[in-house]
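Asks: Mind having a look at this structure? Questions to follow.
The values are calculated or read from the model by the stated rules, or taken from the named source; none is laboratory data. Quick caveat: nothing in here was measured; it's all calculated off a predicted structure. So basically every Cβ, Gly included, is an ideal-geometry build from the backbone, and we count neighbours across all protein chains shown. What goes into the accessible areas is simple: the full protein's heavy atoms, side chains included, and nothing from ligands, DNA or RNA. Shrake-Rupley method; radii C 1.70, N 1.55, O 1.52, S 1.80 Å.
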Amino acid sequence: MVTTQKLCDEIRKQLAGKQAKTRFAPSPTGYLHLGHVASAIYVWGIAQVLKADVILRIEDHDQSRYRSEFAEAILEDLHWLGFIPLTPLESLEKSFHIQSACTHFYDEALAKLEPGRLFYCRCSRKDIGAAVARQAIEGDLLNEVPYSGACEHLNLIPGHNPLALRFRMSDRDFPFYDARLGLQSQNPFRQQRASILKDKNNHWSYQMAVVVDDMRDGVNVIIRGEDILTSTGRQLDLRDALGGTEEPVHLHHPLICDDKGAKLSKRFLSEGVRALKIQNVAAEAVLGQAAFAVGLQSSPQPITASKLHRLFS
Ligand code: GLU
């Protein structure tokens, strides 16, 4: 495991002289909470050290869970914390964007995929089994669902009944280097067999949207929570299938853990940034608590957004 102070050296080594470009990609299915703040600290703190551009992407691909008031609140709260200039939702462009305005890019990407690897599937989460049911209860966003292959050879054609569109994963190892965790390897076929690209409601999936966006934005440093680590092999597989050449550097950061959580004020853990702001808690105090919660500082001392590089150098 690489220490926090060495993470940027590790990323630099892997970038081999290329200018770094990273992103922060919250899903607007709720208000910004301490976990998001911890992730944003990693993204912007490391970007400060590497002098990297940060793209802010509102991941509203799941239109059934999305609410524009959450997206607006996320933008306001990120501004209040000191990460971004004040940006109204309707003027997101260039370095900030929203996935629902980018669906034509996903259509274009779909056309590039080998037809023999695409098929329609009628399985419900219930059909797929107990593991799925558990994940559905936990509100899994990432289609992290083992799939039996039941519809793979049925040649289903979309008609009356809603069908999901799946992509058969490659049955081989995808090794990748994580700047914090070291060498990783995942076989996407064994993990999931076939990933959903478009769900039964005709919404693009996280896996498809994130790969297409990272490719077209030229993101070469992907920083995100360890909860998404198991998606990386699938995303590399899809990237390959879409003709991606240069593999991005990955860093999956730790999540806020319970034992640290116990030492944290309950209020910080349970309340969203918005609620803390209304109670007149300072932005620096929220950042300090989040940095502490994720092990980036030994105490929850306040820290300013512009000084986050200190946590990584
Ligand atoms: N939208 C995802 C989330 O909010 C992050 C996806 C990613 O960084 O790849 O958890």
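Asks: From the P(r) of the chain, can you give the percent of Cα pairs sitting at distances over 27 Å?
Replies: Taking all Cα-Cα pairs of the chain, the fraction more than 27 Å apart is 44 percent.
Asks: Which length gain, in nm to one decimal place, applies between Y31 and R12 when the Cα-Cα distance is subtracted from 0.36 nm times their residue separation?
Replies: On the way: separation 19, 0.36 × 19 = 6.84 nm, distance 3.30 nm.
Full extension of this stretch gives 3.5 nm more.
Asks: DSSP beta bridges in the chain, what fraction antiparallel, as a percent rounded to 5?
Replies: So the antiparallel bridges amount to about 50 percent of the total.
Asks: How high is the FRET efficiency from Q279 to L242, r the C-beta distance, R0 41 Å, rounded to 0.05?
Replies: Working: r = 46 Å, r/R0 = 1.11.
Once rounded, the FRET efficiency stands at 0.35.
Asks: Can you give the extra length, in nm with one decimal, that the chain gains between N155 and D53 once fully stretched, where that is 0.36 nm per residue apart less the Cα-Cα distance?
Replies: My answer for the length gained is 32.3 nm.
Asks: Which value, in Å² and to the nearest 10, is the accessible area of Y42 when all protein chains are kept and the probe is 1.4 Å?
Replies: Surface accessible to solvent at Y42 totals approximately 10 Å².
Asks: When only the heavy atoms of the protein chains count and the probe is 1.4 Å, how do K94, K307, K18 rank by accessible area, highest first?
Replies: Solvent-accessible surface, decreasing: K94, K18, K307.
Asks: Could you give each residue of the stretch 47-63 its phi-based ³J(HN,Hα) in whole Hz, using Karplus coefficients 6.51, -1.76, 1.60 with θ = phi - 60°, and x for Gly or Pro?
Replies: 4, 4, 5, 8, 6, 9, 6, 10, 9, 9, 10, 7, 8, 9, 4, 8, 5
Asks: Something else: Can you give the FRET efficiency to the nearest 0.05 for N187 and S313, using r as the Cβ-Cβ distance and R₀ = 41 Å?
Replies: Computed FRET efficiency for N187 and S313: 0.70.
Asks: While we're looking at this one, here's another question. Give the long-range amide H neighbours of L197: residues separated by 5 or more places, or on another chain, with amide H under 5 Å away, using H modelled in the peptide plane at 1.01 Å from N.
Replies: Under 5 Å from the amide H of L197: L165, R166, F167.
Asks: With a 1.4 Å probe and all protein chains kept in place, how do K6, K126 rank by accessible area, largest first?
Replies: Output order, biggest surface exposure first: K126, K6.
Asks: Calculate, for the chain, the solvent-accessible area per residue in square angstrom, rolling a 1.4 angstrom probe over the heavy atoms of the protein chains.
Replies: Counting only protein heavy atoms, the per-residue value for the chain is 46 Å².
Asks: A follow-up question, please. Under 5 Å between amide H atoms, partner at least 5 residues away or on a different chain: which partners does G244 have, H built in plane at 1.01 Å?
Replies: none
Asks: Excluding ligands and nucleic acids, what accessible area in Å² is computed for D107 using a 1.4 Å probe, to the nearest 10?
Replies: Probe radius 1.4 Å; accessible area of D107 about 80 Å².
Asks: With each run of n ≥ 4 DSSP H residues scored as -39500 (n - 2.57), what mean residue ellipticity at 222 nm is computed for the chain after dividing by its residue count and rounding to the nearest 500 deg cm²/dmol?
Replies: It lands at -11000 deg cm²/dmol.
Asks: Another question, then. By how many nm would the segment from Q19 to E226 grow when fully extended, if each residue of separation counts as 0.36 nm and the alpha-carbon distance is taken off?
Replies: Numbers: separation 207, 0.36 × 207 = 74.52 nm, distance 2.44 nm.
Net length gain for the segment: 72.1 nm.
Asks: Just to check I understand the Karplus step: with θ = phi - 60° and J = 6.51 cos²θ - 1.76 cosθ + 1.60, what whole-Hz values come out for the stretch 72-80, glycine and proline as x?
Replies: 4, 5, 4, 4, 5, 5, 5, 5, 4
Asks: When all C-alpha to C-alpha distances in the stretch 10-124 are sorted into bins of 5 Å, what percent of pairs does each bin hold, rounded to whole numbers?
Replies: Going from the shortest bin to the longest, the percentages are 2, 10, 17, 19, 16, 13, 12, 8, 3, 0.
Asks: Quick one: accessible surface of S148, probe radius 1.4 Å, all protein chains present, in square angstrom to the nearest 10.
Replies: 80 Å²
Asks: Given the pairs K126/K200; K94/K307; K6/K307; K112/K198; K21/K94; K51/K94, which are separated by over 20 angstrom at their Cα positions?
Replies: From the list (K126/K200; K94/K307; K6/K307; K112/K198; K21/K94; K51/K94), the Cα-Cα distance tops 20 Å for K94/K307.
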